[in-house]
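Enquirer: For reference, the structure I am asking about is given below.
Laboratory data are not the source of any read-out in this text; all were calculated from the coordinates shown. For clarity, every value in this text was computed on a predicted model and none was experimentally measured. Here Cβ is always computed from backbone atoms with ideal geometry, including for glycine, and neighbour counts include all displayed protein chains.
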Amino acid sequence: MYIQVISKLYDIYFLPLKIWNVFKSLRHNNNRLISVRVIDKRTKNNGFIIKLQIINCRATYEAPLFNIISDYSFIESCDPISLIKLGHLSKLAENNRSHSLKVRVKNKNIFFNLLKLLKIKENNNHIDVKNYHYSFINIHSNKNRELKLLINKCNSFFDIPFNELILDKTILENIYPPDLLRIGYQVCQLDLQEDIMAY
C-alpha cells in the first residue's frame with residue numbers, strides 16, 4: 001500500500017515535466033500536420049482548378065490555383081510533393097497568361113482586368129522558418145537540376161539533385177513549405193527555357 005501511494009505521488013509530482021518533455025519533442029520534430037494532397041487538375045480560363053484530397057479520407061474538393069498558393073494555412077498543411085507540383089503549375093499558368101496577353105494586348109480593358117485578378121490578397125505568413133531544418137537557396141541550371149539548400153541551424157549549405165530530393169521524404173518534409181513552391185516554379189522555368197532553346 002505504501003509503495004502504491006509513493007508511486008502515485010511520484011507520478012503526480014513529475015507529470016508537468018513529462019508533459020513538457022512530450023511537448024518539447026513534438027516541437028523539436030517537425031510539427032507540420034500534412035492533411036491535403038493534389039490529385040488532379042483541370043484548365044479554366046488560362047488558369048488551373050486544382051482537385052485536392054483530404055489525406056486519410058475520401059473527401060475531395062476543388063479550388064483555383066492562385067487562391068490556394070496564397071493561403072499560408074493551406075501551404076503548411078499540404079503534402080511536400082504536391083507543393084512542388086503547385087509551384088510548377090503556377091509557372092505554367094503564368095506562362096499561359098502572358099501568351100494570351102500578347103494576343104489581346106490591343107484591348108486595354110482586358111489588361112486591367114487581368115491585373116486585378118493577379119492581385120494576391122495580403123495574407124500574413126505565420127509559418128516559422130525555424131521549425132524547419134532546410135531552406136531553399138537556388139537551383140543550378142544543369143542536367144541534374146541541383147538545388148542548394150541551407151541547413152538553418154548551422155548556416156551551412158549542401159547540394160542535392162532534384163530527382164533525388166523528390167524521392168527523399170525526410171528532407172522534403174523538413175524544407176520550409178513556401179520554398180517547395182519556389183522549387184517547383186524554378187524547375188518549371190528551367191524546363192520552359194530549355195524547350196525554347198531546343199525549338
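Enquirer: Peptides 149-162, 169-182: what's the order by average Cβ count within 10 Å, highest mean first?
Expert: So the order, starting with the most tightly packed, is 169-182, 149-162.
Enquirer: What nm distance separates the two modelled labels at residue 152 and residue 42, each placed 7 Å from Cα along Cα→Cβ?
Expert: 3.8 nm
Enquirer: If each residue of separation counts as 0.36 nm, what is the full-extension length gain between residue 67 and residue 127 once their alpha-carbon separation is subtracted?
Expert: Taking 0.36 nm per residue and subtracting the Cα distance, the gain is 19.9 nm.
Enquirer: Sequence neighbours fewer than 8 away in the same chain don't count; with that in mind, list the aspartates and glutamates whose C-alpha is under 18 Å from residue 51.
Expert: Candidates past the 8-residue exclusion: 40, 62, 71, 76, 79.
Enquirer: Within the stretch 69-86, find all residues whose amide N lies under 18 Å from a label point positioned 7 Å from the Cα of residue 59 along Cα-to-beta-carbon.
Expert: What the label zone holds, given the 18 Å backbone N cut-off, is 73-79.
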